[in-house]
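Worksheet: one structure, shown below.
The values are calculated or read from the model by the stated rules, or taken from the named source; none is laboratory data. Note that this is a predicted model, so its numbers are computed, not measured. Every residue, glycine as well, gets a Cβ built from its backbone with ideal geometry; the counts of neighbours run over all protein chains shown.
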2 protein chains.
Amino acid sequence: MTDYILGIDGGGTSCRAAVARPDGAILGRGKSGAANILTDPNNAIISITEAAKAAYRDAGLDEAGVNGASAFLGLAGTNVGDLTRYVHDRLPFRHTAIDSDGLIALQGAIGDEDGAVAILGTGSIYMGRKDGTVRYIGGWGFTVGDLGGGARLGHALLQEALLAFDGVHPRSPVTNAVIEEFKNDPRGIVEFARLSKPGDFGRFAPLLFDHAGQGDAQAIAIVETGATAVNESLDAIMALAGASRLCLLGGLASLYPQWLSEKHRSILIEAEADALTGAVALAAKGYQERQGAVA
Amino acid sequence: MTDYILGIDGGGTSCRAAVARPDGAILGRGKSGAANILTDPNNAIISITEAAKAAYRDAGLDEAGVNGASAFLGLAGTNVGDLTRYVHDRLPFRHTAIDSDGLIALQGAIGDEDGAVAILGTGSIYMGRKDGTVRYIGGWGFTVGDLGGGARLGHALLQEALLAFDGVHPRSPVTNAVIEEFKNDPRGIVEFARLSKPGDFGRFAPLLFDHAGQGDAQAIAIVETGATAVNESLDAIMALAGASRLCLLGGLASLYPQWLSEKHRSILIEAEADALTGAVALAAKGYQERQGAVA
């Protein structure tokens, strides 16, 4: 019987899997529904298993073979230890390793070398690896963290629109655009904000960067506040990990660079690969370590 | 039959009423439970009626007399028009006028003259009256407004504690105090914030002002950000209402003055009376206007 490995990237909207040979060569890929271990761990187990079986079928392999696989999973929400253990113990794979979604993104982006990664999407988290040790900063979520992430930027824009409506701050094209979107009724903004999840706020971030690029003073002020938060966190992760290269990931990765300080901008690199590829690489590494231990 | 008037101050935690002679001389006071017309309008109607009857009893009057009273109510949440009408139509008084809790606070604080009032408590709202016209700024609530209010200050402090924990910002006595309160576990801060209502955040505001007064750099930065927001809104309400005197109300009224700009600090006055007294004064004014119209 041939051994196969599985890399799995599980998130709140979908779960992706790739089956590969023990050397990391990918043979097939599969996708399934949400794998959010915090909100629905049992459904996450189903999604992870389904994505794995789909990858086996895509590779022309018998899906029952997943039971013999060595799997590495990068999942959101792994800082809650009990649920990680719960999911770990109920998955069908021969070997199962679970770590954060951030770690597989780091592995995919910078491979085995040292370096730092910032994921700038709805939220924001910073990682650096030095001599094999990975350090994290941020990622505390929208409510009291993730400054510089899209949700906080969108939130700041809605707040600015209310200040502009009240005449406390000057109006500008970007705040006018928001006020018009809510039919000139500030109560609509308040009600939207009350009901919104982070992703709903985050949808205003591209509008903000767009106006900032066109010179809108209010948009520039908000983007610069976000960029200051990102710069400060990058300073901290660079100090921890001593990295000489930096990769930005996430939906805002292409929008932020021009607003960041020169010392960070000058060491930017493109991601080598995506998070799923990172999960496969870590699965291969785990497999080879176990083989070495046996040999 | 003697005519009486009622002033009523209804809020989210309690409802207070005062019965008075038509000239505004208060005869008795009563108190009852929450009168939140947004979350429970039917219960608000009961609380308002109970507080009114209690005031009548306190004055040695038959509580059935509330049916003949001319009442002026200052209530939170009156910007939602349908609920105000719903409550208005179901109260037992002969004449009922409902306006915002802010208006009765303004009336109590500055009487019949022109001037401005800032209510700096958990939230923040600004009012100014000029030639009888009242203008409002702010009061949009914690989620995307009320900058400078206690909830936003407390929120900023928790956020600063996480940044200090991550080494993104320097630690200081005030952030150390927060981190220790959460047993040195940042996840405790995140979980607290996720479950907190504005008042829960606001409870950290006195700690913040205390440390700012002792020279803590991180505390000073947060208080100064709040004071800038208050100054800007005061600038705007002063421009709208052209006021030459300013009264601060709410739990932070005694803590903020030293942090505000000199132009606002130099025109501060003490409140003449409380919001309930303001409601009585407005009830007396309404009664006298109707009498004049009849005569």
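Pairs needed: first member in the range A:254-268, over 14 Å from A:Gly115 (Cα atoms); second member anywhere, in a loop (DSSP other than H, G, I, E, B); C-beta distance under 6 Å; at least 6 residues apart or different chains.
Pairs that qualify, where the first residue is over 14 Å from A:Gly115 (Cα atoms) and the partner is in a loop (DSSP other than H, G, I, E, B): there are none.
Looking at the range B:170-187, I want the residues that are within 14 Å of chain A (Cβ to nearest Cβ) and have a partner that is of a type in the set (Phe, Trp, Tyr) and in a helix (DSSP H, G or I) with Cβ atoms under 9 Å, at least 6 apart or on another chain. Which pairs are those?
What qualifies is B:Arg171/B:Phe165; B:Thr175/B:Phe165; B:Ile179/B:Phe165; B:Phe182/B:Phe192; B:Pro186/B:Phe165.
Quick one: would you say A:Gly202 is more than 9 Å from every other protein chain (Cβ to nearest Cβ) and surrounded by 21 or more Cβ atoms within 10 Å (Cβ to Cβ)?
Working: more than 9 Å from every other protein chain (Cβ to nearest Cβ): yes; surrounded by 21 or more Cβ atoms within 10 Å (Cβ to Cβ): yes.
Yes: the conditions hold for A:Gly202.
Would you check if B:Arg21 is buried (at least 20 other Cβ atoms within 10 Å of the Cβ), of a type in the set (Lys, Arg) and not assigned by TED's automatic domain parsing to the domain that holds B:Ser244?
Values: buried (at least 20 other Cβ atoms within 10 Å of the Cβ): no; of a type in the set (Lys, Arg): yes; not assigned by TED's automatic domain parsing to the domain that holds B:Ser244: yes.
No; evaluated as a whole, the condition is false for this residue.
Suppose we filter the range B:228-274 for residues that are at negative phi, among the small types (Gly, Ala, Ser) and part of a loop (DSSP other than H, G, I, E, B); how many remain? Before the answer, list the steps.
Start the filter on the range B:228-274 by keeping residues that are at negative phi, which leaves B:228-241, B:243-249, B:251-274.
If we keep only those that are among the small types (Gly, Ala, Ser) too, we end up with B:229, B:233, B:236, B:239, B:241, B:243-244, B:251, B:253-254, B:261, B:266, B:271, B:273.
Still in the running and part of a loop (DSSP other than H, G, I, E, B): B:243-244, B:251, B:253-254, B:261, B:266, B:271, B:273.
The number of residues fulfilling the criteria is 9.
Pairs under 8 Å by beta carbon, first residue touching a residue at least 40 places away in the same chain (Cβ under 8 Å) and away from every other protein chain (no Cβ under 14 Å) in the range B:54-80, partner of a type in the set (Lys, Arg) and part of a loop (DSSP other than H, G, I, E, B), six or more apart or different chains?
Matching pairs, first to second residue: B:Gly68/B:Arg94; B:Ala69/B:Arg94; B:Ser70/B:Arg94.
Scan A:Leu276, A:Leu248, A:Leu252, A:Leu282 and give me the residue that is surrounded by 15 or more Cβ atoms within 10 Å (Cβ to Cβ) and more than 30 Å from A:Ser70 (Cα to Cα).
Numbers: A:Leu276 fails: more than 30 Å from A:Ser70 (Cα to Cα); A:Leu248 fails: more than 30 Å from A:Ser70 (Cα to Cα); A:Leu282 fails: more than 30 Å from A:Ser70 (Cα to Cα).
The unique qualifying residue is A:Leu252.
Here are A:Leu260, A:Leu195: which of them is over 14 Å from A:Gly149 (Cβ atoms) and surrounded by 15 or more Cβ atoms within 10 Å (Cβ to Cβ)? Show your work before the answer.
Working: A:Leu195 fails: surrounded by 15 or more Cβ atoms within 10 Å (Cβ to Cβ).
One residue alone meets the criteria, A:Leu260.
If you go through the range A:119-126 one residue at a time, do you hit one that is at pLDDT 95 or above, more than 16 Å from A:Gly251 (Cα to Cα) and in contact with a strand residue (DSSP E or B) (Cβ under 8 Å, 6 or more places away or on another chain)?
no
Looking at A:Leu208 and the list (1) more than 13 Å from chain B (Cβ to nearest Cβ); (2) over 19 Å from A:Arg129 (Cβ atoms); (3) within 22 Å of the chain's Cα centre (by Cα); (4) touching a residue at least 60 places away in the same chain (Cβ under 8 Å), which single condition is not satisfied?
For A:Leu208, the failing item is (4).
What is the residue count in the range A:220-243 for residues that are modelled with pLDDT under 95 and within 13 Å of chain B (Cβ to nearest Cβ)?
Pass one, the range A:220-243, residues modelled with pLDDT under 95: A:238-243.
Those left that are additionally within 13 Å of chain B (Cβ to nearest Cβ): A:238-241.
Of the residues in that region, 4 qualify.
Given the structure, is A:Gly154 surrounded by 24 or more Cβ atoms within 10 Å (Cβ to Cβ), within 13 Å of chain B (Cβ to nearest Cβ) and more than 16 Å from the chain's Cα centre (by Cα)?
Working: surrounded by 24 or more Cβ atoms within 10 Å (Cβ to Cβ): yes; within 13 Å of chain B (Cβ to nearest Cβ): yes; more than 16 Å from the chain's Cα centre (by Cα): yes.
Criteria met by A:Gly154.
With respect to A:Glu289, determine if the residue is at pLDDT below 95, exposed (fewer than 15 other Cβ atoms within 10 Å of the Cβ) and either within 17 Å of the chain's Cα centre (by Cα) or among the charged types (D, E, K, R) (or both). Spell out how you get there, then give the answer.
On the way: at pLDDT below 95: yes; exposed (fewer than 15 other Cβ atoms within 10 Å of the Cβ): yes; either within 17 Å of the chain's Cα centre (by Cα) or among the charged types (D, E, K, R) (or both): yes.
So A:Glu289 passes the test.
I'd like the full set of residues that are closer than 11 Å to B:Gln159 by Cβ and either of a type in the set (A, V, I, L, M, F, W, C) or modelled with pLDDT under 95 (or both), limited to the range A:147-164.
The initial filter retains those residues of the range A:147-164 that are closer than 11 Å to B:Gln159 by Cβ, namely A:147, A:152.
Residue satisfying the conditions is A:Leu147 alone.
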